[in-house]
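K.L.:
Got a structure for you, questions after.
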Amino acid sequence: MWAVTSSKGSKNIESTYTNIATERAIEALRQHSLTTWWRLTVLVWLTIGPLTLWQLRSEISLLLDYFTWTSVYYGLKYNFWGAVGFFVCVGLAITLLIREIRHLTLGISPIERKRLENQLSQIRRQGSSHPLWSLVNRSR
């Protein structure tokens with residue numbers, strides 16, 4: 001039914017295939033990046049989270065008895081390492097959730113797309129010795 005007789009027509013088919021393969025590779029890289037960030041977030045919550053809770057155990061018991069925002073403020077102000085751990089855990093989780101919600105509602109931002117395209121071109125330049133080579137070529 002489709003007869004491609006000119007070299008220009010076959011070139012369009014090849015460029016369409018290349019665009020689809022590139023889009024799939026970019027999406028695979030984005031999914032890999034997202035999975036890596038989720039793993040890092042879970043790792044931080046499983047390592048730093050319990051240490052932070054242990055550091056803040058006396059303030060937490062005080063908060064359970066008499067909760068005020070002032071006690072939260074002074075509890076974090078005078079326990080530097082507990083506050084750092086708390087803000088790292090919560091900040092990483094909130095950042096990840098905001099990025100994912102933004103991606104679901106607006107799609108890939110131009111800056112992130114450019115970063116992923118640069119990463120994809122670097123992977124393709126390096127070839128099969130790159131650790132993500134199989135991830136990119138699986139999407140072809």
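K.L.:
With the condition kept exactly as written, say whether any residue in segment 61-82 is under 14 Å from the mean Cα position of the chain (by Cα) and among the hydrophobic types (A, V, I, L, M, F, W, C).
P.N.:
Start the filter on segment 61-82 by keeping residues that are under 14 Å from the mean Cα position of the chain (by Cα), which leaves none.
Looking through segment 61-82, none of the residues is under 14 Å from the mean Cα position of the chain (by Cα) and among the hydrophobic types (A, V, I, L, M, F, W, C).
K.L.:
Please tell me if I108 is surrounded by 14 or more Cβ atoms within 10 Å (Cβ to Cβ) and touching a His at 6+ places or on another chain (Cβ under 6 Å).
P.N.:
Numbers: surrounded by 14 or more Cβ atoms within 10 Å (Cβ to Cβ): yes; touching a His at 6+ places or on another chain (Cβ under 6 Å): no.
Spelling it out, it is not the case that I108 is surrounded by 14 or more Cβ atoms within 10 Å (Cβ to Cβ) and touching a His at 6+ places or on another chain (Cβ under 6 Å).
K.L.:
Looking only at residues in segment 111-140 that are free of Cβ contacts under 8 Å to residues at least 12 places away in the same chain and hydroxyl-bearing (S, T, Y), which one is surrounded by the most Cβ atoms within 10 Å (Cβ to Cβ)?
P.N.:
Here the answer is S121.
K.L.:
Here's a follow-up. Select, from L51, L34, the only residue that is aliphatic (A, V, I, L, M), surrounded by 11 or more Cβ atoms within 10 Å (Cβ to Cβ), touching a residue at least 24 places away in the same chain (Cβ under 8 Å) and under 30 Å from R115 (Cβ atoms).
P.N.:
From the options L51, L34, the qualifying one is L34.
For (1) more than 30 Å from N137 (Cβ to Cβ); (2) of a type in the set (S, T, N, Q); (3) touching a Lys or Arg at 6+ places or on another chain (Cβ under 8 Å); (4) outside any helix (DSSP H, G or I), each residue gets a yes or a no:
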{"site": "S33", "(1), (2), (3), (4)": "no, yes, no, no"}
{"site": "W38", "(1), (2), (3), (4)": "no, no, no, no"}
{"site": "L43", "(1), (2), (3), (4)": "no, no, no, no"}
{"site": "S61", "(1), (2), (3), (4)": "yes, yes, no, no"}
{"site": "L104", "(1), (2), (3), (4)": "no, no, no, no"}
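K.L.:
For S6, are the conditions met, namely being surrounded by 11 or more Cβ atoms within 10 Å (Cβ to Cβ), hydroxyl-bearing (S, T, Y) and either over 30 Å from R115 (Cα atoms) or modelled with pLDDT of 90 or more (or both)? Write out each step before concluding.
P.N.:
Values: surrounded by 11 or more Cβ atoms within 10 Å (Cβ to Cβ): no; hydroxyl-bearing (S, T, Y): yes; either over 30 Å from R115 (Cα atoms) or modelled with pLDDT of 90 or more (or both): yes.
The answer is no for S6.
K.L.:
Please go through (1) surrounded by 15 or more Cβ atoms within 10 Å (Cβ to Cβ); (2) farther than 16 Å from I26 by Cα; (3) free of Cβ contacts under 8 Å to residues at least 12 places away in the same chain for L92 and return the number of the only condition it doesn't satisfy.
P.N.:
(3)
K.L.:
Let me ask something else about it. With respect to G49, determine if the residue is in a helix (DSSP H, G or I), touching a Cys at 6+ places or on another chain (Cβ under 8 Å) and modelled with pLDDT of 90 or more.
P.N.:
Numbers: in a helix (DSSP H, G or I): yes; touching a Cys at 6+ places or on another chain (Cβ under 8 Å): yes; modelled with pLDDT of 90 or more: yes.
So G49 fits the description; yes.
K.L.:
Which of (1) surrounded by 11 or more Cβ atoms within 10 Å (Cβ to Cβ); (2) modelled with pLDDT of 90 or more; (3) more than 17 Å from G49 (Cβ to Cβ) is the odd one out, the single condition G85 does not satisfy?
P.N.:
Going through the list (1) surrounded by 11 or more Cβ atoms within 10 Å (Cβ to Cβ); (2) modelled with pLDDT of 90 or more; (3) more than 17 Å from G49 (Cβ to Cβ), G85 breaks only (3).
The values are calculated or read from the model by the stated rules, or taken from the named source; none is laboratory data. Note that this is a predicted model, so its numbers are computed, not measured. Note that we place each Cβ from the backbone using ideal geometry, even for glycine, and neighbour counts take in every protein chain shown.
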